[in-house]
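Notes to accompany the following structure.
The values are calculated or read from the model by the stated rules, or taken from the named source; none is laboratory data. Here the structure is a predicted model, which is why all the values come from computation and not from measurement. All Cβ positions, even for glycine, are placed from backbone atoms using ideal geometry, and neighbour counts span all protein chains on display. Heavy atoms of the whole protein, side chains included, go into the accessibility calculation; ligands, DNA and RNA do not. Shrake-Rupley method; radii C 1.70, N 1.55, O 1.52, S 1.80 Å.
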Amino acid sequence: MTVKNKKTPQQIGKASKRKGARFELEIAHYLQAHGYPSAHRTAQHCGKTGDACDVEGIEGLHVECKHVEKLNLYGAYHQAVRDSSANGNGNIPVVIHKRNREETLVTLSLDNFIQIYSASKSGGQKGDL
């Protein structure tokens, strides 16, 4: 008979942080492979009042990454908006998110989607946001 060891809340918290860090790194590598060589994971050092996004190096975007099974999407989006506003550079807040064994999705406001889509249709280049 096998006995499963129960994880402590501290162990669960550490595993969750590692999962989030791996996802941020995965997104940075994906963006690098798709034409954004300066994309990189940021060090999370600004705390709750900070303006740091999870992945930097994509001009015009403030990127928050979430890899969780039960995402409060509006909460995550409001965090991206709040942090982007604190930064003051006018970047578009986006949330890149996924669940285990699911496709990665991107969430942004409808106004920002139209802004990006219209720029792409009018022959805009990367960084023309």
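Sequence gap at least 6, Cα distance under 8 Å: using those rules, report the relative contact order of the chain to the nearest whole percent. Don't skip to the end; give the middle numbers.
Working: 164 pairs, mean separation 22.5, N = 129.
Relative contact order comes out at 17 percent.
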Of Gln32, Gln115, Gln79, which has the largest mean-square fluctuation in a 10 Å C-alpha GNM of the chain?
Gln115
Magnitude of the Cβ-charge dipole (Lys and Arg +1, Asp and Glu -1) of the chain about the Cα centre, nearest 20 debye, reported as 960
Leu105/Ser38 FRET efficiency (R0 35 Å; Cβ-Cβ; nearest 0.05)
0.90
Heavy-atom accessible surface of the chain: percent carbon and sulfur, 1.4 Å:
53
The chain - accessible surface per residue (Å², probe 1.4 Å):
71
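What order do Val95, Val68 take when sorted by accessible area (1.4 Å probe), most exposed first?
Values: Val95 0, Val68 55 Å².
Order by accessible area, largest first: Val68, Val95.
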Name the residue, out of Ile116, Ile96, Ile27, whose mean-square fluctuation peaks in a Gaussian network model built on the chain with Cα pairs under 10 Å.
Ile116
Among Thr42, Gly88, Ala119, whose Cα sits farthest toward the positive end of the charge dipole of the chain (+1 at Cβ of Lys/Arg, -1 at Cβ of Asp/Glu, about the Cα centre)?
Thr42
Mind jotting down the distance between the C-alpha centroids of the stretch 50-129 and the stretch 25-43, whole Å?
14
Determine the order of Tyr117, Tyr36 by accessible area, beginning with the largest, at a probe radius of 1.4 Å.
Tyr117, Tyr36
Quick query: amide H of Ile92 versus all other amide H atoms, modeled in the peptide plane; which residues come in under 5 Å with a sequence gap of 5 or more or a different chain?
Leu61, His62
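Filter Lys70/Lys121; Lys6/Lys66; Lys17/Lys121 down to the pairs with a C-alpha to C-alpha distance above 28 Å, please. Please report the intermediate quantities before stating the final value.
Values: Lys70/Lys121 34 Å; Lys6/Lys66 25 Å; Lys17/Lys121 38 Å.
Violating the 28 Å Cα-Cα cut-off are Lys70/Lys121; Lys17/Lys121.
222 nm [θ] for the chain, helices only, -39500 (n - 2.57) per DSSP H run of 4+, per residue, to 500?
Details: 3 runs with 52 residues, N = 129.
Calculated mean residue ellipticity at 222 nm is -13500 deg cm²/dmol.
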